[in-house]
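Peer 1: One structure, as structure tokens, below. Some questions next.
Taken together, the values in this text are just the output of simple stated rules run on the coordinates, not laboratory data. Predicted, not measured: the structure shown is a model, and the values here were computed from it. Counting neighbours? That spans all protein chains shown, and the Cβs are built from the backbone with ideal geometry, glycine included.
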Amino acid sequence: MSDKMRGTVDMTAAMVISGTIGLFVVLSGQPVMDVVFWRCAFGAVILLIVCAALGLFRSGVMSRSQIAWAAVGGIAIVSNWILLFAAFPRASISIATAVYNTQPFMLVALGAMFFGERLTLTKLTWLGIAFGGMLMIVQAKSGATTGTDYLAGILLALGAAFFYAIAAIITKKLKGVPPHLIALIQVTVGILMLAPFASFGQLPTGATTWALLVAVGVIHTGVMYILLYGAIQKLPTNLVGALSFIYPVVAIVADFLAFGHRLQPLQIIGAAAILVAAAGMTLGWSLAKPRLVRT
């Protein structure tokens, strides 16, 4: 199997795993802080084993400043998990995931604000389409097809997207650092952040709940990160971007199959607008008509 084919398989598997995390979070029935804590704890175990096997704990792999930046990124990524997981029961997995995919626009906005990156007409057009999709989703509020607090769920998903963008920008500063080690630092920071808020006095008693929590940590964190980072090393950026849209599709399908959440027509149009605009932004699609060259 070629590197490109292997990377495609790994990336597809990583996105399918990511698309089912909302299902595991909701079915666990645990408070968000507890779910994220156990995600970090169980994820740290497998990432620790992988980093040790790869020999990443030798001196000189990371500088002190890089460790500090990775820790700050950990605060951002853990905050992202908390907000996204809190959005699932409020706005439904489908809607929260669609709104969460405004991440590329958060990155563009932060890049323009702090790094002087130019906002082109094409980027602004994609942003406008995504914003229109967001308005459709907000207007389509319906208690019959969504969660317990629709608008709050949308706002939480937007906050999650913002913190993901912060984490992505920080990760750019860590170019050359083994990604598995970055992930290990992030989940370790999560353990330290959330330990004071975890309900150790009221631990789950059911085997099913523990199985779901272990899966979120081991499969949706440890295994997913390993597959994802392995794929990124083998695939061109445009293919990574294209395959990443498997994630929201799987999430929407899983939400329907598990909980019967049917999106209203306006919600479907809004979600589709956000995903198409995000794909256009990520993959660099141009909205301008190509000019014919006269000979």
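Peer 1: Each label point is 7 Å from the Cα along the Cα-to-Cβ direction; what then is the distance between the points at VAL61 and PHE259, in nm?
Peer 2: Label-label distance for VAL61 and PHE259, simple model: 3.8 nm.
Peer 1: Treating the stretch 144-295 as a set of equal point scatterers at the Cα positions, no solvent, please give the Debye-formula log₁₀ I(q)/I(0) at q = 0.10, 0.13, 0.17, 0.20 Å⁻¹.
Peer 2: Listed by q, the Debye log ratios stand at -0.55, -0.92, -1.46, -1.62.
Peer 1: Still on this model: Restricting to lysines 8 or more places apart or on different chains, can you count the pairs in the stretch 3-283 with Cα atoms under 25 Å from each other?
Peer 2: Numbers: LYS4/LYS172; LYS4/LYS175; LYS4/LYS234; LYS123/LYS172; LYS123/LYS173; LYS172/LYS234; LYS173/LYS234; LYS175/LYS234.
Lysine pairs meeting the criterion: 8.
Peer 1: Are there trypsin sites (Lys or Arg not before Pro) in the stretch 42-125 that DSSP marks as loop and that have at most 16 other Cβ atoms within 10 Å, and which are they?
Peer 2: Working: sites: ARG58, ARG64, ARG90, ARG118, LYS123; in loops: ARG58, ARG118.
When the trypsin sites (Lys or Arg not before Pro) of the stretch 42-125 are filtered for loop state and at most 16 Cβ neighbours within 10 Å, ARG58, ARG118 remain.
Peer 1: Roughly how many Å is it from the Cα centre of the stretch 153-226 to that of the stretch 42-116, as a whole number?
Peer 2: Each part reduced to its Cα centre gives a spacing of 7 Å.
Peer 1: When the chain is treated as a GNM, springs tying every alpha-carbon pair under 10 Å, which of MET106, MET134, MET62 comes out with the largest mean-square fluctuation?
Peer 2: Sorting by GNM fluctuation, first place goes to MET62.
Peer 1: Using Cα springs under 10 Å in a Gaussian network model of the chain, which residue among ILE232, ILE219, ILE182 shows the largest mean-square fluctuation?
Peer 2: So, out of ILE232, ILE219, ILE182, the one fluctuating most is ILE232.
Peer 1: Working out 0.36 nm times the residue gap between VAL45 and LEU119, then minus their Cα-Cα distance, what length gain in nm do you get to one decimal? Mind dumping the intermediate values first?
Peer 2: Working: separation 74, 0.36 × 74 = 26.64 nm, distance 4.18 nm.
Difference between extended and current length: 22.5 nm.
Peer 1: I want to check the label-to-label distance for LEU135 and LEU151. Put each point 7 Å from Cα in the C-beta direction and report it in nm to one decimal.
Peer 2: With each label point 7 Å from Cα toward Cβ, the separation is 1.7 nm.
Peer 1: Residue by residue, what Karplus-based ³J(HN,Hα) values in Hz, rounded to whole numbers, does the stretch 153-170 have, using 6.51, -1.76 and 1.60 with θ = phi - 60° and x for Gly and Pro?
Peer 2: My calculation for the stretch 153-170 gives x, 5, 5, 5, 5, 5, x, 4, 4, 4, 5, 5, 4, 4, 4, 5, 5, 5 Hz in order.
Peer 1: Can you compute 3J(HN,Hα) from phi for each residue in the stretch 240-256, using the Karplus curve 6.51 cos²θ - 1.76 cosθ + 1.60 with θ = phi - 60°, rounded to whole Hz and x for Gly and Pro?
Peer 2: Rounded to whole hertz, the list is 4, x, 5, 5, 5, 7, 5, 4, x, 5, 5, 4, 5, 5, 4, 4, 5.
Peer 1: Using modelled backbone amide H atoms (1.01 Å from N, in-plane), which distant-in-sequence or interchain residues come within less than 5 Å of GLU117's amide H?
Peer 2: Hits under the 5 Å cutoff: ALA112.
Peer 1: Report the calculated FRET efficiency for LYS173 and ARG6 (r = Cβ-Cβ distance, R0 = 51 Å), to the nearest 0.05.
Peer 2: 0.95
Peer 1: Arranged from highest to lowest average of other beta-carbon atoms within 10 Å per residue, in what order do the peptides 253-263, 269-279 appear?
Peer 2: Values: 253-263: 16.2, 269-279: 21.1.
Most protected by this proxy first, the peptides run 269-279, 253-263.
Peer 1: In addition: Just LEU121, LEU227, LEU174 to compare: in a GNM of the chain, with alpha carbon springs under 10 Å, which one fluctuates most?
Peer 2: Largest GNM mean-square fluctuation: LEU121.
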